[in-house]
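What follows is calculated from the coordinates using simple rules that are stated; it is not laboratory data. Just so we're clear, the structure is a prediction, and the values are computed from it rather than from any experiment. Cβ atoms come from the backbone with ideal geometry, glycine included; neighbour counts cover every protein chain shown.
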Amino acid sequence: MLRKCFLKRFFSVVLSLVFMLGVCSECCFALSITNIFKKNSAAAEPLPPAMKMYAKCEAVTAEINKKTLSAANAKFESLQALYDGSADTVFENGDTTEVILDLGKIHMLGGIRITLPKYKETAEKSRCIGTGFYVSADKKEFRKAAELSEVDFSDNSAEVKELMFGGAGEYRYVKAVLPSGARIAQIEWLEYPEWVYTKNVNGKYDMKLRLYAYDIQKNINARIVAAIYNPDGILKCFSVLKEDFDAGAEKEVELAVTGINRENGDSCRVMIWDEDGTPSLNGTLVYRDSGAAAFTLPKVFADNMVLQADKPLLIWGNAPAGVSVNVLLENLRGGSVAKEVKADKDSSWTAELGSFSAGGEYRLTVSCGGEKKEYSNLTFGDIWLCIGQSNIEYYMYCGKDTTKYLKSKDGKAESDNHNIRFLNLLNKGIEGAGAPLEDIPVLAGVGEWNVMDAASAGYCSAIGYYFAQKVNAANDIPVGLICAAVGDTEIARWLPEGSYGSFESKDGGLFYNRISPLSKLQIRGILMYQGEADQYRTHLSAVQYRDAMSGMVDLCRGIWDDELPFYWAQLTRYNKDESDVREGQRLAQYHVKNQKNTGVISLLDIYGEYRGETGSSRADIHPHQKEIAAERFFRYACRDIYGGGKPASGPVYKEMKVVGDSIELTFDTTGDLTVMPVEQYADLTAKRYIKKNNIDTGIPQEFEIAGADGKYKKAKASINGNKIILKSDAVSKPVSARYAWGAYPEMPNLTDASGLPVLTFTTDGE
């Protein structure tokens, strides 16, 4: 018994070092050959590969017709050449072509085989390079699986290339993106091999693993180890087989692993050790099993997590149907709450533990059967979800004005605050999802709750950092930040597919994979900063963006609370005209179903750092004054949640009246209208603008008026209490006005006693 336990622990340690399955074979997956452990030498040179091993795959057979095979710019008759099973027929395209094939059902795909015909001329050698292959379960969201990066064409002969995906997955729809001028004879999608399971008398399963060894370079007396790991990487069981391999001979090996408690996401890891203890082969074969559901909790649960205070606490996850799950929340200062629930028929379970006051140190233990998951150093506080583009994702280490917070002084940094924790979701390589996901996208090192200190703070959202510090300092409660932002994303990516007034969303991937999975997690509110991509890429009108943004607010409130605080930022100045989106951001506040606890902040007075290489600060889409943005978000939070604080908004445009040849604008204000000090808004280029144009910085600037022709002209502005009087010699009969319109208004200086700038607006809107 002791020997068995020792062996299990030994193989658990050794096999845990194996991460990757290299993929290369005469058919599909091969285990990469490495020598990471040479006996008695930590720095040994790798030996030549002793052998290769693969699990045979077969090409997927799919029905080819006009319904299953299509491309927007190619006829079906020509597309058939790609899938007719013949290397003699060739598909040739003039323009870039996206060819989509419906395989008819879900397959476990892991690779692709393409046949390239003989080339006619030298220039054709490179035309197929860059061909990309994409996969999807639902045809809504495709992820890139492989790309053709090189072509040999030795002796001008046809070439067969096998490209592996770096891991198997369940997909039904496949897409090949062929570059202009590509010539391809055949495409075959390779299906992952089936593992043979047999249910034994104990109710568990035995698995037969069939592998093929080849390219054996020397006689090997080997021990083959196959180990099964659960989705969390814990060793469940393993089997060892002693086998002789003769140099130059191909050999089939069948390895049995018995007593498996089947779970979705299990992995099978295989290693081969020769007689002197050197691993001749190692790697990982990962597959999804259709057996019983695994016992899991969402990845949002982790050590150092902040749980939402003063709202019902839900703990949830998956487990085999009908099986009991025990949840225990312990206050390390005394007291505990326990709850037992059973998994439903769909394998889901949810435990409600009541509500808890802010603060404290807790430990959460969840057990099912013989498995247990434990999370420590938990606390209760306010969770704020940060979404949008890189504006709010922008990390602390990116800004020069943040460095002081990341440096330790006398062993302590200004950033050190264990009452602030943050969670960053994976944002690179995320294609989104076509339907709501059960869990958030994280990887090792990403998806951990970080306690705020000098080491971690650099990777926290800068706006989130300053906001959390202000909330904690003013209210003495822990704050948890979840940064789900993804750079360069349109608002459509944050909305489920559907209609939102004048706006039609056909995407929704980011809503599905980073908002929906958090629907059971209580939060205090949302901060959003986004919009550039909608202005310069999708060119949304003010009305379209208004409807999309208000739809976003309503949608999130439908998930959590119809009075959920939701604040967003109006875009700052930049070298592209973002006025339409700014106007849509302003108007959205008045179009949400319930305007309570909403607000939009103006950032017209902050600017990007001067860039000598471009000669203009206008080139920086990321103003570095993130603390200013955070302060303005915080003012709204004080107004609606925490109490106290300064006015949340600057002057708000209310109504317009034409008086003779002038326009009178009325504002809701804190005291009388005024102008802000030039130092508050003027960057280097603005200062040059002021001097060159002899600008009077003591009066409101950046106002324009237009007549019936809609042509706007610069207007002179004067202040009368809470009113602005506009007049222009170029417009005798004005009908409309606008403020700070355009890519980069130099001096948007109107304010009131709040000290906050007015939002970009036009009277042509609402």
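What is the local net charge at ARG363, summed over the other residues whose Cβ is closer than 9 Å to its Cβ (Lys, Arg +1; Asp, Glu -1)?
Working: positive: none; negative: GLU330, GLU361, GLU374.
Taking every other residue near ARG363 into account, the sum is -3.
Given the peptides 377-384, 363-370, 731-738, arrange them by the average over their residues of other C-beta atoms within 10 Å, most packed first.
My ranking of the peptides, most packed first, is 377-384, 731-738, 363-370.
Hey, what's the Cα Rg ratio for segment 663-766 versus the globular rule of thumb, 2.2 N^0.38 Å? Write down the numbers at each step before the final one.
Details: Rg = 13.5 Å, N = 104, 2.2 N^0.38 = 12.8 Å.
That ratio works out to 1.05.
Please give the contour-minus-distance gain from ASP346 to ASP476: 0.36 nm per residue of separation, less the Cα-Cα distance, rounded to one decimal in nm. If you can, show how the numbers build up before the last one.
Working: separation 130, 0.36 × 130 = 46.80 nm, distance 4.14 nm.
Extra length from ASP346 to ASP476 when fully extended: 42.7 nm.
Using label points projected 7 Å from each Cα along Cα→Cβ, tell me how many nm separate THR365 and GLU497, to one decimal.
Each label point lies 7 Å from its Cα, and together they span 4.6 nm.
So, by mean Cβ neighbours within 10 angstrom, what's the order for 744-750, 419-425 with the highest one leading? Mind showing how you got there, number by number?
Details: 744-750: 23.0, 419-425: 25.6.
The peptides rank, most packed first, as 419-425, 744-750.
Relative to the compact globular guide of 2.2 N^0.38 Å, what is the alpha carbon radius of gyration of segment 381-642, as a ratio?
Values: Rg = 17.5 Å, N = 262, 2.2 N^0.38 = 18.3 Å.
Dividing the Cα radius of gyration by 2.2 N^0.38 Å gives 0.96.
First obtain the Kirkwood hydrodynamic radius of segment 669-717 from its Cα pairs, then insert it into the Stokes-Einstein equation at 4 °C and 1.567 mPa s, and state the resulting D in µm² per second as a whole number.
Estimated diffusion coefficient is 101 µm²/s.
Tell me, in nm to one decimal, what length is gained between ASN331 and ASP303 on full extension, where the rule is 0.36 nm per residue of separation less the Cα-Cα distance? Walk me through the numbers on the way to the answer.
Numbers: separation 28, 0.36 × 28 = 10.08 nm, distance 1.45 nm.
Result: 8.6 nm gained on full extension.
Past 26 Å, Cα to Cα: identify those pairs from LYS175/LYS520; LYS75/LYS144; LYS412/LYS470; LYS520/LYS626; LYS404/LYS470, in the order given.
Working: LYS175/LYS520 35 Å; LYS75/LYS144 24 Å; LYS412/LYS470 19 Å; LYS520/LYS626 30 Å; LYS404/LYS470 17 Å.
In this structure, LYS175/LYS520; LYS520/LYS626 exceed 26 Å between Cα atoms.
Output wanted: per-residue J couplings in Hz (rounded whole) for segment 450-460, from phi through Karplus 6.51 cos²θ - 1.76 cosθ + 1.60, θ = phi - 60°, x for Gly and Pro.
Couplings: 9, 7, 5, 7, 4, 6, 9, 4, x, 9, 9 Hz.
Say each of ALA87 and LYS596 gets a label point 7 Å from the Cα, pointing the same way as Cα to Cβ; how far apart are those two points in nm?
Modelled inter-label distance: 7.2 nm.
Note down the nm distance, to one decimal, between modelled labels 7 Å out along Cα→Cβ at ALA753 and at ILE641.
2.7 nm
For segment 652-762, what's the relative contact order in percent, using C-alpha pairs closer than 8 Å and at least 6 residues apart? Let's see the in-between values first.
Values: 224 pairs, mean separation 37.9, N = 111.
Taking the mean separation of contacting Cα pairs over the length of segment 652-762, I get 34 percent.
Distance check, please: which entries in LYS654/LYS714; LYS105/LYS139; LYS67/LYS105 exceed 19 angstrom between their Cα atoms? Intermediate results must be reported in sequence, preceding the final value.
Numbers: LYS654/LYS714 21 Å; LYS105/LYS139 12 Å; LYS67/LYS105 14 Å.
From the list (LYS654/LYS714; LYS105/LYS139; LYS67/LYS105), the Cα-Cα distance tops 19 Å for LYS654/LYS714.
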